[in-house]
Amino acid sequence: MTGPSPVDRSRLGSKHHVICCANGIPLALTVTASNRNDITQLLELVDRIAPVGPHGKFRPKVLLADRAYDSRRHRAELRDRGITPKIAKRNTANGSGLGTQRWVIERTFSWLHNHRRLARRYDRRADIHEAFLTIGCALICDRHLKRTQTPILLGPLTMP
C-alpha cells in the first residue's frame, strides 16, 4: 500500500483516510498508496462505519468532505444510503463554507500524527501500519472518554 507521492518528489508513501464524528472521534479508517485518488475510498469508508444504537440502525445523517471526494455517482450512492452529502464542488472558487466545519477532521489527523510512527511510515507491511493507525484511533477514543466521562458506542452491545 505504497505508491509514488505526487507531492514528495515521487517517494513512496501512504495516505490515511479517516471518517470521524462531530467531536473528532474516528469512526472508520483505511490506508492506501499515496498516488491513489481519494474518491476511490469514500464508499468503502462509509461502509466501514459500525452501525450503533438499538438494533444497529443508527447511521450518519450528513457527510462533510473536501473537493477530492466530489463525484455525482458517489453523491447519488450516499443519498441512496440515507446520507446527505455536503461536499465542496470541484472547479469552483474557495469559500464553500465547509472549512468552518472541516477543522474537526484536520484536528483528528493532527492527533493521529502526533504519534511518530504514524506521521512517518516506518513499517514495510501495510497490515502493521494499519494496526498502529487503529491503535492511534483507540488512544483518541480513550482520551475523549477520560476527558468527558461520556461513553462512546462504536458497535452493537452484547451482554453475556
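Scanning region 61-103 for residues that are in a loop (DSSP other than H, G, I, E, B) and touching a strand residue (DSSP E or B) at 6+ places or on another chain (Cβ under 8 Å), which turns out modelled with the lowest pLDDT?
So the residue we want is L98.
Would you tally the residues in region 114-137 being at pLDDT 85 or above, in a helix (DSSP H, G or I) and not small (G, A, S)? First the steps, then the outcome.
Within region 114-137, the first condition is being at pLDDT 85 or above, and the residues that meet it are 114, 130-137.
If we keep only those that are in a helix (DSSP H, G or I) too, we end up with 130-137.
Now restrict to residues that are not small (G, A, S): 130, 132-135, 137.
Residues that pass the stated criteria total 6.
Take I140 and tell me if it is under 23 Å from L42 (Cα atoms), modelled with pLDDT of 85 or more and in contact with a Ser or Thr (Cβ under 8 Å, 6 or more places away or on another chain). First the steps, then the outcome.
On the way: under 23 Å from L42 (Cα atoms): yes; modelled with pLDDT of 85 or more: yes; in contact with a Ser or Thr (Cβ under 8 Å, 6 or more places away or on another chain): yes.
The answer is yes for I140.
Six or more apart or on different chains, Cβ under 8 Å: which pairs go from a residue in region 120-131 that's within 15 Å of T30 (Cβ to Cβ) and surrounded by 15 or more Cβ atoms within 10 Å (Cβ to Cβ) to one that's modelled with pLDDT under 80 and of a type in the set (D, E, K, R)? Could you list them?
Final answer for the pair search is H129/R121; H129/D123.
The values are calculated or read from the model by the stated rules, or taken from the named source; none is laboratory data. Treat the numbers as computed from the prediction; the structure is a model and nothing was measured. Reconstructed Cβ throughout: ideal geometry from the backbone, glycine too, with neighbour counts over all protein chains shown.
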